[in-house]
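Working notes, beginning with the structure itself.
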Amino acid sequence: MKIHFRLNGSDIAIETDPCRRVVDILREDLGLTGTKESCGSGECGACTILVDGESRLSCLMVAGQISGRKITTIEGLVSQGEMHPVQKAFVDHGAVQCGFCTPGMVLAAVDLLRRNPHPGRQEIRRGLSGNICRCTGYQKIVDAVEAASRDTGDKE
Amino acid sequence: MENQIPVIGRSQPRFDAKAKVSGTERYAADYYPPGMLWGAVKYSDHAHARLKKVDTSGAKEVPGVVAVLTCEDVAGANRVGIPPRPDQPVLADEKVRHRGDPVALVLAESKEALAAALDLISIDYEVLPAVFDSQEALMPGAPLVHSENENNILHKGKILKGSAKEALKECAAVVEATFRLPRQEHAYLETEAGVAWVEEDGTLVMIVSTQTPHRDRMEVAHALGLPPGRVRIMAPYLGGGFGGKDGISVQCFLGLGALHSGGRPVKIWNSREDSFLSSTKRHPATVTIKLGCGADGALQALCCRLFLDTGAYASLGGPVLTLALEHAGGVYRIPHVDIEGYCVYTNNPVSGAFRGFGATQALAALEQAVDMLAVKAGLDPLVFRLKNALRRGEESACGPLRTYSTGIASCLKTIMDHPLWLEVRSWEKDAPPFKRRGVGVAAVLQGVGYGPVVPDYANAKIELLEDGRIRVYSGVTDMGQGNASTYLQIAGDILSQRFGDMEAVQPDTARTLPSGSSSASRTTFTYGNALIKAAGLLRERILQRASLMLMGAAYTELALLPGRVRHIPSGRDLPLGLIASMLDSSEKVCVYSYVAPVARDIAGIDENFRNMGYPHLIFSYGAHLARIEIDEITGEVTVKSYLACTDAGRVLNPQAYEQQVHGGIVQSLGYTLFEDFQVQKGEILTTGLATYILPTAVDVPDLLSIAVQEEEENGPYGMKGLGEVCANATFPAVANAAARAAGRRIFEGPLTAERILEVLAEEHKGE
Ligand code: FES
Ligand code: FES
């Protein structure tokens, strides 16, 4: 079946089985390996992508569900070589260690800041509680999201 | 950051962060070579059984299946593991010894074909009696996990000093308790993964998620029957390791697959369920402690019995036991000790290396006993610890002298002066309704490096490239701790180059030099020391050639600057690219081999025990404080505040340092409170992240980290290993806090809500 969708700002069409998992389409068919898989069952958040701006788990979605939607993966967050403010904050504040949770964590944070541009630390923790990180202890991730919310706030 | 010369001691973002945060870094799991096949393993259906027949005919008929391989297809020794006990089959031959034992390897065009084929492999077993408890496995007549052995003991060890049993009788206060520590799963986010192929010249090449590429190369070659020179292993950045990728996971499957794929590349990426089933775990431990002090509060005697369940294969069980015993006396001066332990085979999952490497379990027990003894002797737990804490030059509980930096007293004093401790009584009293509050402390240590026998070396290699940039060839895996970035920091400091002018090559047995494993709190210590020297040699060479190019200008007239050498008197700049063009390729590379100093103690130390890593010479130290609240209704424990004081020598990059401290604490908080890898009669009941509960962002408070920066003279820039010591204090600190809050102690981890409610209920029974 042919599926049309918008991927990181460009319209694309792919021929695929409608039941194929979105994480496999991204990683295996389209070579976008920035989206990670860690549990395959909706428990870790490593496979998070944005669907029409909202964070979704690509390991639980199938091709049919993205038809006609706007998909953003971690690769699409970088525009013209410039990192998104959340990505920059992750780098500056030491929120990245092994980095395997990072793409999902960043996209979850982008979605969180869209819904709540100035969250408190506790709100950030709650907002990211669906994403597991085994390395950082979360504190520097919270620092990064807090800083990103300050920076975007300044621009508003 | 890319435009700055790194400064030692100042916080700076990690060099590897940008590619990771942009999704462009390629991990082993991210390779999908064209024409590849998928591989996956059929695991045993029993915890202990003789293999009578493995029928692969049905599986082979599944469309898309290219090969179904069994032990008969393994041309080499079909064994992996560390000498002296490489006892783990690549594919089970005569027996299966735990549920995670691999029996067959399937290669297929698609994951669907793979799954169908795995289901169709039919195995005929003769089920054997099995043993699932380390102490039962020691009983006469217990089923033998390895029939060729006389008993189930993998390794045993003893540390005797003075006469502990008699001394205990003389003590003014004595406590005795048995602690049970759970099995912990590493749960790195990137499950075991890799790709492999065979080159035209017959070389087997793999890109795999491993902490030990150079050692793997030897093991793969031996197991599969290839000359080591025909195996090349590359270890890109790992999506986490923590000890779980110290040694062979999927490497031999990848290699075997690639040798039977008809020339096609093979990819294996374990599902989370297969990862849980087959990967190594932290050893479950039973630790019995008798500890006594005199009327003055000085520790006098320690008796400790320690049993580790090492599961079906040796893995690193021997060294883990050795370190557990070495750390069982903690950070203290104790004149009389009698420590004995056993690392025992069972038909459970294989236990192996895990951050802390046995010290974690021993200290979780000891530090609780120390608190119990303080209570019994009527002493403040912090004053009690400080009074008994080792100072540099003193004899440790085990015997060897502490001849190098020993900062535990500073760590304890830092806690003592901190508001979180000073205001503790009033904070405890202010507990809200239906909550109970408690504060706990613990003091810990971790040996740095491999110990006295296995050479603890690193070979640094650094190159001036054609374009004048600097390349560091890292021989040690970066599993997330950031050592590659630290290496660039060191090179940049010595060569005055900016991050943006440098690059790091990740371990590759064909390009980087053997430098040991990414483990044992040695990664920056050992390679960093080698790199300081190698970078110094390159600096010298660059200046020397610049001097010649400037008609013999004196070194004092030259300054090495980013991308160039300046001749100060004339203001003339020589670009490094130009200097590189004047060097022969053999001159552009500098290497240096560093071997870490080791303990020279031999008196009274059993040779086998020494071979396994006892004793260490250099230790890192830490003291942690946890303030916790117990919910009387739900039994839930919440950590309200947490302070970690660490002596890991000088700090090279405070941001990276804090990363380790935070991560170590939270990983161990999971160990303390929720992580419970359930295995019943060898059956794995915990099959995924739905039932294996890891800490999330809401489960932890903001953590405070203070570095007690005592210089370690052997360390690069005065540093010592950090990655493990920060993970050892959380269990006992939180358990001590919980015991205070609940008024009773729980002797079995993790401290789940159910267990807390049970002890609270006991209290009512008592009333
Ligand atoms: S991989 Fe999708 S939630 Fe874990
Ligand atoms: S950085 Fe490793 S899992 Fe988050």
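Each reported figure results from applying straightforward, stated rules to the coordinates on display, with no laboratory input. No experiment lies behind these values; they were computed from the predicted model shown. Note that each Cβ is placed from the backbone with ideal geometry, even for glycine, and that neighbours are counted across all protein chains shown.
Table for the structure above
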quantity	calculated
In Hz, Karplus ³J(HN,Hα) per residue of the stretch B:663-672 (6.51, -1.76, 1.60; θ = phi - 60°; x = Gly, Pro)	x, x, 5, 6, 4, 7, 5, x, 4, 6
Partners for B:Lys461 among aspartates and glutamates (Cα-Cα distance below 14 Å; same-chain residues under 8 apart left out)	B:Glu503, B:Asp508, B:Glu587
Inter-part distance where the stretch B:498-526 and the stretch A:98-140 are each reduced to a Cα centre, Å	30 Å
Antiparallel content of DSSP bridges confined to the stretch B:432-587, in %, to 5	75 percent
Per residue Cα convex hull volume in Å³ - calculated over chain B	170 Å³
Net charge over other residues, Cβ less than 14 angstrom from the Cβ of B:Ala116 (K, R count +1; D, E count -1)	-1
Amide H contacts under 5 Å for B:Glu748, placed H, 5+ residues apart	B:Arg180
Cα gyration tensor shape of the protein assembly as shown, rounded if a/c is under 1.5, else prolate or oblate by comparing a/b with b/c	rounded
Other protein chain Cβ atoms within 10 Å, averaged over every residue that makes up B:189-198	3
B:Trp269, B:Trp38 arranged by Cβ crowding within 10 Å, fewest neighbours leading	B:Trp38, B:Trp269
Ranked by how many other beta carbons lie within 10 Å on average, peptides B:567-575, B:372-380, A:137-145 from highest	A:137-145, B:372-380, B:567-575
Over 25 Å (Cα to Cα) - which of A:Lys36/B:Lys267; B:Lys245/B:Lys588; A:Lys70/B:Lys111; A:Lys88/B:Lys281; B:Lys158/B:Lys376; B:Lys20/B:Lys588 fall in this group	B:Lys245/B:Lys588; A:Lys70/B:Lys111; A:Lys88/B:Lys281; B:Lys158/B:Lys376; B:Lys20/B:Lys588
Amide H within-cut-off set for B:Met502, under 5 Å, with H built and near neighbours excluded	B:Ile470
Selection from A:Ala109, A:Gln122, A:Ser149, by position along the positive dipole direction of the stretch A:85-151 (Cβ)	A:Gln122
Rounded FRET efficiency, nearest 0.05, which uses the C-beta distance separating B:Glu587 from B:Ile153 and R0 of 60 Å	0.65
Disulfide-incompatible cysteines by the Cβ rule (no partner under 4.7 Å) in chain B	B:Cys71, B:Cys171, B:Cys252, B:Cys293, B:Cys303, B:Cys304, B:Cys343, B:Cys398, B:Cys590, B:Cys726
Fewest-first ranking of B:Thr178, B:Thr203, using other Cβ atoms within 10 Å as the exposure measure	B:Thr178, B:Thr203
Amide H contacts of A:Val62 (H built 1.01 Å from N, under 5 Å, at least 5 apart or other chain)	A:Val22
Pairwise label distance in nanometres, B:Lys52 with B:Lys169, each label 7 Å out on the Cα-Cβ vector	5.9 nm
Estimated FRET transfer efficiency when R0 is 35 angstrom, pair B:Leu422-A:His118 (beta carbons, to 0.05)	0.55
Theoretical FRET efficiency, 1/(1+(r/R0)^6), r = Cβ-Cβ of B:Ile568 and A:Ser79, R0 30 Å, to 0.05	0.10
Neighbour-count ranking [beta-carbon atoms within 10 angstrom, fewest first] of B:Asp702, B:Asp493	B:Asp702, B:Asp493
Those lysines that a straight Cα-Cα span of less than 16 Å connects to B:Lys95, excepting residues fewer than 8 apart in one chain	B:Lys42, B:Lys52, B:Lys53
